[in-house]
Amino acid sequence: QVQVVESGGGLAQAGGSLRLSCAASGSIVSMNVMAWYRQAPGKERELVATISTDGTTNYANSVKGRFTISRENDKNTGYLQMNSLKPEDTAVYSCKARVQARGRWRVDDYWGQGTQVTVSS
């Protein structure tokens, strides 16, 4: 059993910052890619950023230069530092962890419940 829990969402003013955390726990053998997604009301889910085990990162063009994804492999925890926030960043942010769980021969994707980020103008 693997659980993924996000935290750190909330309300920020435009130009402000928030830091999201994503903690994976349970019967984890290894955690591969960790990714952050977001979904705004009435819009499709958007991939925001990814980070692999070796630290390789990728970002959506809309957040490049403003958001930074990181991780602590020994804690199975990832982070999304969001700076220079804009009202259009308002969305539910969800974390996805690609994990090999004990007793499983393959990796599976586990999602958190999501955390609301609201940016006021």
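The values are calculated or read from the model by the stated rules, or taken from the named source; none is laboratory data. Model, not experiment: these values are computed from the prediction. We place every Cβ from the backbone using ideal geometry, glycine too, and count neighbours over all the protein chains shown. Side chains are part of the model used for accessible areas, which takes the heavy atoms of the whole protein and leaves out ligands, DNA and RNA. Shrake-Rupley method; radii C 1.70, N 1.55, O 1.52, S 1.80 Å.
Quick notes
- Residue among Thr77, Thr68, Thr57, Thr118 that is open to solvent by 60 Å² or more (accessible area, probe 1.4 Å) and either of a type outside the set (A, V, I, L, M) or modelled with pLDDT under 95 (or both): Thr68
- Hits in the stretch 18-53 - residues which are over 13 Å from the mean Cα position of the chain (by Cα), within 23 Å of Arg66 (Cβ to Cβ) and surrounded by 13 or more Cβ atoms within 10 Å (Cβ to Cβ): Ala40
- Residue count, the stretch 1-17 (criterion: open to solvent by 50 Å² or more (accessible area, probe 1.4 Å) and over 22 Å from Phe67 (Cα atoms)): 2
- Within the stretch 80-91, the set of residues being free of Cβ contacts under 8 Å to residues at least 60 places away in the same chain and either assigned to a strand (DSSP E or B) or surrounded by 14 or more Cβ atoms within 10 Å (Cβ to Cβ) (or both) comprises Asp89, Thr90, Ala91.
- Inclusion of Gln113 among residues that are surrounded by fewer than 16 Cβ atoms within 10 Å (Cβ to Cβ) and either at pLDDT below 95 or touching a strand residue (DSSP E or B) at 6+ places or on another chain (Cβ under 9 Å) (or both) is warranted.
- Looking only at the stretch 96-109, residues that are part of a strand (DSSP E or B) and either on the phi > 0 side of the Ramachandran plot or open to solvent by less than 50 Å² (accessible area, probe 1.4 Å) (or both) come to 5 in all.
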